[in-house]
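> Starting off with a structure, shown below.
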Amino acid sequence: MADDGMLLNFAIGDNVIKPEAKFKGGTWRARLSAKKRSQHIPGENSDGSKRNADSKNPNKIQIPTNRPAKRQRTGDSDARDGNRHRSQSQQQPRRHPGQFASSLFTSNPESKTADEPKPEENAEDAKPTNAALVDGIDTFTSLGLSPNLAAHLLTKLELKAPTAIQKASIEQLLKEESDAFIQAETGSGKTLAYLLPLVQRIMDLSKATKEAGLHRDSGLFAIVLAPTRELCKQISVVLENLLRCANWLVAGTVIGGEKKKSEKARLRKGLNILVATPGRLADHLDNTEVLNVSNVRWLVLDEGDRLMDMGFEEELQGIVKKLDARQRPSRIPGVPTRRTTVLCSATLKMNVQRLGEISLSDAMHIKANPADEDEESRNAKDEESFRVPAQLKQSYAIVPAKLRLVSLTAYLKRTFIRKGSVMKTIVFVSCADSVDFHFEVFSRKYGDRRKKSNDNDDEKEKKVEEKKDEKKDEKKDEEKIDPRKNLSPYGLHGTIAAAEAFSTPANPVTIHRLHGSLPQHVRTATLNSFSRSQEASVMVCTDVAARGLDLPNVDLVIEYDPAFSSDDHTHRIGRTARLGRDGRACIFLQPGCEEGYVEILKRGYRDGGKALTRTDANEILKRGFGVTPDSLSKNWEEKTTDWQMDVERWALDNPEYLEMGRRAYQSHVRAYATHIAAERKMFDIKELHLGHLAKSFALRDRPGKINVPGLRQGKEDAKKDFKAARTGVAGNKRKADGDASASNTDDAARKMRAKMREQMAGGASEFNLA
Ligand SMILES: Nc1ncnc2c1ncn2[C@@H]1O[C@H](COP(=O)(O)OP(=O)(O)OP(=O)(O)O)[C@@H](O)[C@H]1O
């Protein structure tokens, strides 16, 4: 039996004498208190008051007297389900000296919504709301695009008909000179909704100039601004595809990440359309003389709310002022006298309105479905409404903190049990450290306790070589880098690996990791690999991948950690169910106040979320661990416990992974305190059971003992976060983990983000923040 093996599920009578456990390691005080606890001896203070305080406050954080009563301890939910037999795990396990018994299924809090009626089964599937229009009435030509451009869309890009938002925006922007705010669901084709009219208008200028024609140094006519480099690149690819039918027009990017000199050279050669990040454009406007913006007549601000979230307000204000000041009448016939600005966003909130004030005048509000406008004005207060593609099937899983890791594993096991049912899944977590930890957990083999790179001589040599290569790699063109070369376990970056935890021989799954703390070229290469993958793949990531990215064949989005704001949630789940396709999303919520989030999920739908489904940890575990063939003699609870214990032992055996778990845990707690103020009542750090949570990071330590060099002390950390949550100044500390995607409307939050961005090196910062 393993050294810290366990005996589980053995019923014992009350008269069984507990063997005395030996306690090793730690300070004498820690050993004594561990011993006392095991003997149920009252706390160190004889008055008993401390004992009570401690037992009610496992996190050792200062709790105000009005703290809600501790949730009643209950067993697993078999009882809730009306299952008569007493679960084995609810019985007291018999421990052997020095053995560690898993308490995975004990003392878990109970759900508040367990008795909610289930949604109707066989309810009709909702019709897609973001698909291309198939009525045949609206074609790209009927909307006013030239036959040349429409033919190009059909034959080269295989786009037969416009989407609803494209229909509305093309019609408006071709005939009107006024500014516009384009708002439509995720995955509804907003990029083409602004690019098509813009390209058409510039193509028309060519006709106006007759035989002289337009060419790359005729002038810069349009600028598209997007918050991250990845988005800029994505937009620029779509734009270049469009311009293949007008090859005299040239588009380019200035997004940082390369030498400014080469960007300047590109600007000097001449561009007609420029895609840029605000920071980099502002820099060129100040320092690059060859950047002539006197002819700019179209300005697009894509992902408006994100631009504001990331603290670009000042830059944007400066850019708009400079464009105004430097605008000159154009010698090219047909160039409009005034500039049209288009603001684009899937969500409409305060900061988008503020951006509108800065950049727009007399703007039209362009929506996919004009009927929404009426309905929305009726629900003026409810700005969350109607933002989720109707065909997107959402579910929520009520999972206690202790069962989170095993439940996620079980969910993914079940998801990939059959080949072909799900191609790609994105798992969102709150921080970069957590991404790294889960990547390692899922890419290790069950039962394999060794460190992945078991540095033998060959490997050491290989590592040294790779380290040298890494330096060279960073200089290479990022597109050419294949992160598979760096497959975990041997790679330095190790962003792609086999997902051993939920692969089957029939359906091997690949796991990717992505967050803002990875070098830019690794992020791009990893994203490309996930995007192009034709096999079952999972990407564990932070909100770095939440916005705007158009990744094909994403069938499922799992929000393992709920988003920091409901807006972020909308964007995250919007990575699936794009352009009329099906998609599923599942969010993990803990029993208790987090269940309040279900109301927010419901609000995203026109029908109040009738098809929203609920599941719980036991159901997930049964379906995930109960059906796997490993050791058929065991039931799902045993298998689940074995799996958890195996991960814990692996962490204990490998200090590197143990530290990874601790880091992930600490960063997770900090990130938890940064939910936006309006939603903090649902994500209340006071309600978070840190001891239980630690288990989901494979930790057996007590929360107060989890200290990682370079991070704040566990206990102190929790105190500070708790204090911050109480005083309302949290919401802004995500930078520590490379994550700052909260859509906080608080002024303080905005300022904080701007500050964070300043601290990141130059133009390279944009993507790091997400
Ligand atoms: N008319 C169309 N017919 C078919 N496919 C289209 C059409 N328009 C756009 N698409 C495709 O739909 C996908 C989503 O488009 P896009 O990324 O512009 O959506 P979006 O509304 O900007 O989403 P998000 O809000 O998430 O940024 C892209 O793959 C695009 O090629």
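The values are calculated or read from the model by the stated rules, or taken from the named source; none is laboratory data. Bear in mind the structure is a predicted one, so any value in this text is a computation, not a measurement. As a convention, Cβ positions derive from the backbone with ideal geometry for all residues, glycine included, and neighbour counts pool all protein chains shown. In case anyone asks, the SASA skips ligands and DNA or RNA and just uses the protein heavy atoms, side chains included. Shrake-Rupley method; radii C 1.70, N 1.55, O 1.52, S 1.80 Å.
> Using 0.36 nm per residue of separation minus the Cα-Cα distance, give me the extension gain between Asn292 and Lys445 in nm, one decimal.
That works out to 49.3 nm of additional length.
> Return the carbon/sulfur percentage of the accessible area of region 497-654, one whole number, probe 1.4 Å, all protein chains in place.
49 percent
> Name the long-range amide H neighbours of Ser395: under 5 Å, sequence gap of 5 or more, or other chain; modelled H, no Pro or chain starts.
Placed amide hydrogens put Ala585, Cys586, Ile587, Thr613 under 5 Å from Ser395.
> If a/c stays under 1.5 just call it rounded; otherwise compare a/b with b/c (prolate if a/b is bigger, oblate if not). Do that for region 304-346, with a ≥ b ≥ c from the square roots of the Cα gyration tensor eigenvalues.
Here region 304-346 falls in the oblate category.
> Can I ask one more? Suppose all protein chains stay in the model; what accessible area per residue would a 1.4 Å probe give for region 585-668, in Å²?
Value for region 585-668: 35 Å² per residue.
> Continuing with the same structure: Given Leu231, Leu196, His215, which one lies farthest toward the positive end of the charge dipole of region 174-283, if we put +1 on the Cβ of every Lys and Arg and -1 on the Cβ of every Asp and Glu?
So the residue furthest toward the plus end is His215.
> Please work out the FRET efficiency for the pair Thr337 and Glu158, using the Cβ-Cβ distance as r and a Förster radius of 60 Å; give the result to the nearest 0.05.
With a Förster radius of 60 Å, E is 0.95.
> Where the accessible area of region 218-284 is counted over protein heavy atoms with a 1.4 Å probe, how much of it, in %, is carbon and sulfur? Don't jump to the answer; show the numbers that get you there.
Values: 1160 of 2190 Å².
Carbon and sulfur together cover 53 percent of it.
> Of Lys233/Lys424; Lys260/Lys367; Lys269/Lys424, which ones are farther than 31 Å apart at the Cα?
Lys260/Lys367; Lys269/Lys424
> Out of residues 5 or more away from Ile511 or on other chains, whose amide H comes under 5 Å of its own, with H placed 1.01 Å from N in the peptide plane?
Those lying under 5 Å, H to H, from Ile511 are Ala497, Ala498, Ala499, Val538.
> Now for a different question. At 1.4 Å probe size, with every protein chain present, just tell me what the per residue accessible area of region 285-356 comes to in Å².
The answer is 39 Å² per residue.
> To continue, here is another question. Tell me the per residue accessible area of region 149-229 using a 1.4 Å probe; a whole number in Å² is fine. If you can, show how the numbers build up before the last one.
Details: 2810 Å² over 81 residues.
With all protein chains present, region 149-229 gives 35 Å² per residue.
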